[in-house]
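Have a look at the structure below before the remarks.
The values are calculated or read from the model by the stated rules, or taken from the named source; none is laboratory data. Keep in mind that what you see is a predicted model, and the values were worked out from it rather than measured. Neighbour counts run over all protein chains shown; Cβ positions are idealised from the backbone, glycine included. These area figures cover heavy atoms from the full protein model, side chains too; ligands, DNA and RNA do not enter into them. Shrake-Rupley method; radii C 1.70, N 1.55, O 1.52, S 1.80 Å.
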Amino acid sequence: MHIAIINLLTLLVAGLVLLISPTDGTQMRDAVDRSLLVSPIPADLQPLVAFACAHPDLPESLSELCSTACVDQCVAVKPADKAQQWVCNYLGYADSDCTAAVFDDFWKQGLGSCCFGDTDGVSNCNAAILNTCGDDFNPSTPTITPPPPPPVVESCTYSTTFFDDFTTLDSSNWNLSNRENNHNEELQYYLPENVAVSSGKLVLTPKEKKKGSKDWTSGRVNSKDKKFFKYGRFTVRAKVPSGLGLWPAIWMMPQNRTYGSWAASGEIDIFEGDGSKPQFVSSALHFGGESPNNKQIATSDSDPFSSVCPKVEGVDLSEEFHDYVLVWSKDKMTFMVDTKIQWEVDLAKNWGYEEDNVPWDQPFYFIFNVAVGGWFLNDRQPYPGVGETWSSPSMEIDFVKVEQREGDDEGNCKHPVKEEEEEQQQHCRVKDGVSADDLQGSLNWLCGDSNNFVDINCNSLYEKFGINDSNAVAKANVAFNEYWKLAGKSEKACCFGNKDGVTDCKAELYCVGEGRRGFLRG
């Protein structure tokens with residue numbers, strides 16, 4: 001700071017010392033004396049300088065001086081109307097005084113950190129500490145101009161770009177495998193003769209028949225080099241096989257090895273089943289380095305990318321046809337059986353590559369097959385003669401449908417899961433063993449004025465679900481779940497920790513149908 005300005009600050013303190021207590025005056029003199037040595041003003045001295053510059057009796061001749069002081073301020077770095085209103089309510093400011101400057105008031109009073117995060121107050125911050133003399137600080141406009149909105153897309157509605165209902169086996173769409181399979185400890189030889197079209201269905205049939213070094217044969221088709229897609233809604237209507245040792249799969253592989261050989265360029269498993277457990281549904285993503293440095297996540301894993309509800313309750317998938325669906329946009333994948341969400345994966349992350357979303361930014365082609373044996377089945381492996389026990393070993397595919405939208409390639413369309421498909425497979429609910437007394441603080445925060453992140457009308461929720469006032473656990477269940485939905489369904493949003501909202505959680509996510517006690521009961 002220029003010596004002339006320091007001298008003026010010294011005069012400022014001398015002029016104010018009579019207006020404040022002797023102790024305050026001593027602190028102010030000490031602050032200015034030490035500020036002679038350092039520019040910008042040290043952080044520990046900034047509140048005292050700010051106090052002096054904000055004094056109502058500040059001489060007009062010193063106002064310009066104060067405006068040049070290099071101090072830190074907590075300022076909004078993006079539009080944050082909800083957080084700003086919460087701070088104004090907390091500080092008791094009138095609407096006319098509720099400006100972006102309230103973030104700095106809150107922070108300077110030591111009431112909290114300079115963040116004001118979207119859902120938990122500590123992440124995805126709306127505000128940051130900037131120095132008033134910095135290049136990124138504009139004292140006339142204490143908020144950074146938000147980026148322009150994405151370009152308007154004419155339509156984000158689906159149109160069908162591929163459909164095959166297998167009236168014939170169209171060679172312009174499908175390749176038939178004719179080779180011995182030596183992957184995944186599988187025991188079959190793929191032959192074209194195990195693939196057929198019958199009554200408008202593609203039929204892949206495993207048989208106990210020796211071929212080469214294998215004791216079983218089976219069928220496999222793929223659309224490589226013929227039909228490949230990036231983003232869209234992919235529906236395969238199929239009836240899966242039943243029988244010990246059978247491993248049916250509906251999956252996708254990258255058309256090009258853009259990031260390297262398997263699994264560096266990715267693999268998308270829409271559905272994998274187990275013939276001895278026909279209610280079982282598994283989906284998975286393979287990525288990372290080339291084998292053996294590959295990685296995977298699946299519906300049976302606990303991982304930071306997904307929310308997991310990995311099975312269709314009480315449905316024998318080998319008895320009827322079901323829709324196996326992948327909804328894939330730039331930032332997300334949703335896996336469904338019929339209209340029930342099985343798995344959701346956030347793609348807008350770094351998967352170990354140089355850029356986010358990789359390798360899920362490339363086109364993939366279809367593969368349908370029924371394997372015999374393999375590591376996926378664990379100890380449920382086939383044995384000689386098992387083929388005689390198979391009552392329905394074939395996988396039948398009724399149709400394959402691909403729907404795509406303009407704008408998906410640029411990420412301009414919202415992730416397209418229909419409302420009826422968003423019936424939650426997960427709920428945020430109170431943990432077992434948490435008492436009603438333990439919940440009161442979280443309920444007060446959620447339902448009171450201090451909740452600055454999402455708007456929840458708790459009384460309306462209680463009335464909707466018919467919850468009486470004495471059932472604190474049921475009240476917390478519906479309030480916690482509503483907050484979790486509105487806050488983006490992140491795991492952190494379903495916690496309600498004792499002090500910081502992220503530790504010693506009172507709530508947890510659980511899958512519908514796990515056999516837990518009723519959602520509305522205490």
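With a 1.4 Å probe and all protein chains kept in place, how do 379, 504, 346 rank by accessible area, largest first?
Ranking 379, 504, 346 by accessible area, largest first, yields 379, 504, 346.
Ordered by residue, what ³J(HN,Hα) values in Hz, to whole numbers, does segment 315-332 give under the Karplus form 6.51 cos²θ - 1.76 cosθ + 1.60, where θ = phi - 60° and Gly and Pro are x?
For segment 315-332, the Karplus curve yields 10, 7, 6, 8, 8, 9, 7, 9, 8, 9, 10, 10, 10, 10, 10, 4, 10, 7 Hz.
Sequence-distant or interchain residues sharing an amide H contact under 5 Å with residue 358, placed H: which?
Residues meeting the criterion, in which the H sits 1.01 Å from N, are 351.
Given the Cα-Cα distance of residue 375 and residue 294 and 0.36 nm per residue of separation, how much length would full extension add, in nm?
Taking 0.36 nm per residue and subtracting the Cα distance, the gain is 27.5 nm.
Going highest first, how would you order 160-171, 467-478 by mean Cβ packing within 10 Å?
Packing order, densest peptide first, comes out as 467-478, 160-171.
Can you run phi through the Karplus equation (6.51, -1.76, 1.60; θ = phi - 60°) for segment 267-284 and list ³J(HN,Hα) in whole Hz, with x for Gly and Pro?
Values, residue by residue: 7, 10, 9, 5, 8, 10, x, 10, x, 8, 9, x, 8, 7, 10, 10, 10, 7 Hz.
Rounded if a/c is under 1.5, else prolate if a/b is larger than b/c, else oblate: which is segment 164-290, with a ≥ b ≥ c the root eigenvalues of its Cα gyration tensor?
It comes out rounded by the Cα gyration axes.
What's the local net charge at residue 344, with K and R +1, D and E -1, over the other residues with C-beta under 9 Å away?
So the surrounding residues net to +1.
Distance cut-off 28 Å, Cα to Cα: go down the list 82/414; 214/340; 207/295 and report the pairs above it.
From 82/414; 214/340; 207/295, over 28 Å: 214/340; 207/295.
Per residue, how large is the accessible surface of segment 318-363? Use a 1.4 angstrom probe and give square angstrom.
Solvent-accessible surface per residue comes out at 39 Å².
Which residues' amide hydrogens lie under 5 Å from the amide hydrogen of residue 245, considering only partners 5 or more residues apart or on another chain, with H built in the peptide plane?
Hits under the 5 Å cutoff: 275, 276.
Here are some pairs, 230/349; 349/489; 475/506; 239/277; 211/277; 464/489; which of them have Cα atoms lying more than 24 Å apart in this structure?
Flagged as over cut-off: 211/277.
Quote to one decimal, in nm, the extra length available between residue 224 and residue 193 on full extension: 0.36 nm per residue of separation minus the C-alpha distance between them.
That pair, residue 224 and residue 193, stretches by 9.2 nm at full extension.
Which net charge results when you count Lys and Arg as +1 and Asp and Glu as -1 among the other residues whose beta-carbon is under 13 Å from that of residue 202?
-1
Report the extension gain between residue 158 and residue 435 in nm, rounded to one decimal, defined as 0.36 nm multiplied by the number of residues separating them, less their alpha carbon distance.
Contour length minus the Cα-Cα distance gives 94.9 nm.
If each of residue 457 and residue 409 carries a label point 7 Å out from its Cα toward its Cβ, how far apart are those two points in nm?
4.5
What are the semi-axes of the equivalent ellipsoid for segment 180-246, taken as the square roots of 5 times the Cα gyration tensor eigenvalues, largest first, in whole Å?
24, 16, 13
Please compute P(r) over all alpha-carbon pairs of segment 340-424, binned at 10 Å starting from zero, and give each bin as a whole-number percent.
Taking every Cα pair in segment 340-424, the percentages come to 10, 26, 31, 21, 10, 1.
Please list, in order along segment 374-382, the HN-Hα scalar couplings obtained from phi with the Karplus expression 6.51 cos²θ - 1.76 cosθ + 1.60 (θ = phi - 60°), rounded to whole Hz, x for Gly and Pro.
Couplings: x, 4, 4, 8, 6, 8, 8, 8, x Hz.
Tell me, what % of the accessible area of segment 324-434 is carbon and sulfur with a 1.4 angstrom probe?
41
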